[in-house]
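Encoded as structure tokens, the structure appears first; notes follow it.
The values are calculated or read from the model by the stated rules, or taken from the named source; none is laboratory data. The shown structure was predicted, so the numbers you read here are calculated from the model rather than taken from an experiment. We place every Cβ from the backbone using ideal geometry, glycine too, and count neighbours over all the protein chains shown. Ligands, DNA and RNA are excluded from the accessible area calculation, which covers all protein heavy atoms including side chains. Shrake-Rupley method; radii C 1.70, N 1.55, O 1.52, S 1.80 Å.
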Amino acid sequence: MPENPRTWTPPTFDNEAPPPTQGQETKLPERASVKTPDCLSDKNQGFFGMMSEGGKEIATRAYEGLYKIPGVSMVVGKLGIAYNQFWLDSHEKRGAGLKEKIEGLDVRCAALDQSKKEIVSVIENLQLRDTPGTASLQLKLKDIDRQRTELLGEKDKTQSMFESRTNKVKLYTNERDRIADKLIARYDEQLIPMGEELARLQTYKEEVDLSVAVTEAKHKQQLSMLAAMGEGKIKIEQALRRTGMSEKEVRDFEGIRALEKALAQGREKVQDEREHLKRQTAKINKKIAEIDARANPYRDRREEFIRIKEGRPLEMVVEPRIRSENFTQEETVEGHPREKAKRMDDGSNDTLPEEGGMGAVETEEEDTGRIELANLITGWNVFLTKNTVGNVPNKLLINQKDFLKATKLSERFTLDGDDFKNILTKYYRLRKLPVDTFPTFTKSIDAFLKEEK
Amino acid sequence: MKPDQNITSAQNREDLMDGLDSLLREARELGRGIDGTNQTSREDIAALDTKIDMTLLSILRRCADLDQVENEAGDEVDRHVLEQAEVLAAE
């Protein structure tokens, strides 16, 4: 990148030789080059290396701010720098400066117009009274016109620079927006299916919870059967003692020992499986929580890219310039006979450029309270229909076939009230049924189960 | 003990043995039932775990894609910034 010798002042560093003056050998002095920002890719570092020292200084200063921005992604930080460093610090500031200069020139033009008006009024007064001295005042008017012309010329130049500057700002904004839009589009390509996958994970989790609830209910039933068998064993032992067997003989009796072993094994299997299930579900929950945490920042970042575009250029309005009329008449040259003094017709037809207006989102087991599942489902549906109002009960009515399919239980499976409530809640969640819109769900299910008892 | 009482006692004991055998069979049957429950549960959870792992992999691939998208965008912004820096330096 060529340096502009007129505007570029080489930066100085400690312990360096000064740059060579004109006429001396043009060998470049050895100096420490500006440090390449770490965040640039290899390709861009190459580009940086070829830049002018001034350009490198500006870029390095811009990137210093990048590391001070906490908690935002690198590209969001860079887009922020691109907007803030170059826009606010440079183009918009300079644009604002030019606008102020234009306004200053307008004020001076207005002051000249005022002066001209006053002089014209004085001239008219003097002419009315036939008082001499108007010629010098006419000259003054000419001088004012000359100054005005100069000011308007300067205003033209300044306004052209201003318009060029505001266009640069807009081009810059458009480029930033183009990059942000590209990012947002590519993000949406991945985020939309990612959202569906995260929802699917939630469904899988609910299926796991339902499966665990069903297994717990089965285990509970099996433990209760084991307990009943344990009672049976005790009765047999008592009966054996009554037949004359000693305590030790009963304990060592092969059948009793075999039964004890079978019951103990049954309980151990249930216990082992419960612990296994606990570990498995904890592992699964952890996996899902971790991936959710991993995916969340990308969803947040998309919002940041959209917010980046909210920074828009300042609307700086100056009056639009009017194309002036070209004066094409000739001045009439005439003789001046010495007669009575005549009023000079200056013939000028200056048309001042008009100041345009300003422009410019159960088997039924009486002792244990276990009831057959088919009866519980039917009973619950009847209870819902009788005891609630509005559309809620229709949505919460259970389709028995679907319920049995989801839980893989038989309609004759017996379970107690707590297990039914647990499984029912997990089923509703899996099927995304609006239990949350049914605020008295817990009370209702408790009341229903009390009735069933 | 009288012979009748002996027969009654033996009958009782035989009934008890039958009851014990029946209970033992039930207990073993229940043990097999518990095995069945556990196996079904493990298979169901394992199947869900596989689906979960596949979904996780897909999500991780998308995250990697998005990282790549960001790197490319970052490079583009860098080039833009460097070009603007030169423009400003020339001014």
Given B:Glu83, B:Glu29, B:Glu43, B:Glu14, which one is under 30 Å from A:Ala62 (Cα atoms) and among the charged types (D, E, K, R)?
B:Glu83
Checking A:Leu240 against (1) facing chain B (nearest Cβ under 9 Å); (2) open to solvent by 20 Å² or more (accessible area, probe 1.4 Å); (3) not basic (Lys, Arg), which single condition isn't satisfied?
(2)
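This table checks each residue for (1) farther than 20 Å from A:Asn174 by Cα; (2) more than 29 Å from the chain's Cα centre (by Cα); (3) open to solvent by 20 Å² or more (accessible area, probe 1.4 Å).
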| position | (1), (2), (3) |
| --- | --- |
| B:Glu43 | yes, no, yes |
| B:Thr55 | yes, no, no |
| B:Arg61 | yes, no, yes |
| B:Ala73 | no, yes, no |
| B:Arg79 | no, yes, yes |
| B:Leu82 | no, yes, no |
| B:Val87 | no, yes, yes |
| B:Glu91 | yes, yes, yes |
Within segment B:61-84, tally of residues that are among the acidic types (Asp, Glu) and facing chain A (nearest Cβ under 7 Å):
5
Neighbours by Cβ (under 7 Å, 6+ apart or cross-chain): first from segment A:415-443, at pLDDT 80 or above; second buried (at least 20 other Cβ atoms within 10 Å of the Cβ) and not in a helix (DSSP H, G or I):
A:Leu415/A:Arg370; A:Asp416/A:Arg370
If A:Ser224 passes every condition in (1) closer than 29 Å to A:Ala293 by Cα; (2) of a type in the set (Ser, Thr, Tyr); (3) open to solvent by 30 Å² or more (accessible area, probe 1.4 Å) but one, which one does it miss?
(1)
Under 8 Å between Cβ atoms, which residue pairs at least 6 apart in sequence (or on different chains) link something in segment B:61-72 that is farther than 12 Å from A:Asp188 by Cβ with a partner that is open to solvent by 50 Å² or more (accessible area, probe 1.4 Å) and modelled with pLDDT under 90?
B:Glu70/A:Met74
Does any residue in segment A:185-196 that is part of a helix (DSSP H, G or I) come within less than 6 Å, Cβ to Cβ, of a residue that is open to solvent by 30 Å² or more (accessible area, probe 1.4 Å) and modelled with pLDDT of 90 or more six or more places away or on a different chain, and which pairs are these?
A:Gln190/B:Arg62; A:Gln190/B:Asp65; A:Met194/B:Arg62
The lone exception for B:Ile34 - which of (1) surrounded by fewer than 16 Cβ atoms within 10 Å (Cβ to Cβ); (2) within 30 Å of A:Lys220 (Cα to Cα) it fails
(1)
Does A:Glu273 qualify as being surrounded by fewer than 19 Cβ atoms within 10 Å (Cβ to Cβ) and out of contact with any Cys (no Cβ under 7 Å at 6 or more places or on another chain)?
no
What's the total number of residues in segment A:191-214 that are modelled with pLDDT under 95, among the polar types (S, T, N, Q) and open to solvent by less than 30 Å² (accessible area, probe 1.4 Å)?
0
Under 6 Å between Cβ atoms, at least 6 apart or on separate chains: pull out the pairs that start in segment A:255-266 with a residue that is facing another protein chain (nearest Cβ under 7 Å) and end on any residue that is open to solvent by 30 Å² or more (accessible area, probe 1.4 Å).
A:Ala262/B:Arg28
Tally the residues that are more than 7 Å from chain B (Cβ to nearest Cβ), modelled with pLDDT of 80 or more and assigned to a helix (DSSP H, G or I), restricting the search to segment A:44-76.
9
Out of all the residues in segment A:78-96, is one or more assigned to a helix (DSSP H, G or I), more than 14 Å from chain B (Cβ to nearest Cβ) and either modelled with pLDDT of 70 or more or over 34 Å from the mean Cα position of the chain (by Cα) (or both)?
yes
Right, A:Ile192: in contact with a Phe, Trp or Tyr (Cβ under 7 Å, 6 or more places away or on another chain) and among the β-branched types (Val, Ile, Thr) or not?
no
Report, by residue number, each residue of segment A:162-177 that is of a type outside the set (Phe, Trp, Tyr), modelled with pLDDT of 85 or more and surrounded by 14 or more Cβ atoms within 10 Å (Cβ to Cβ).
A:Glu163
Just a yes or no: is a residue in segment A:280-300 under 18 Å from A:Ser211 (Cα atoms), assigned to a helix (DSSP H, G or I) and acidic (Asp, Glu)?
no
Odd one out for A:Lys117 among (1) more than 20 Å from A:Lys101 (Cβ to Cβ); (2) surrounded by 14 or more Cβ atoms within 10 Å (Cβ to Cβ); (3) under 60 Å from the mean Cα position of the chain (by Cα); (4) not hydroxyl-bearing (Ser, Thr, Tyr):
(2)
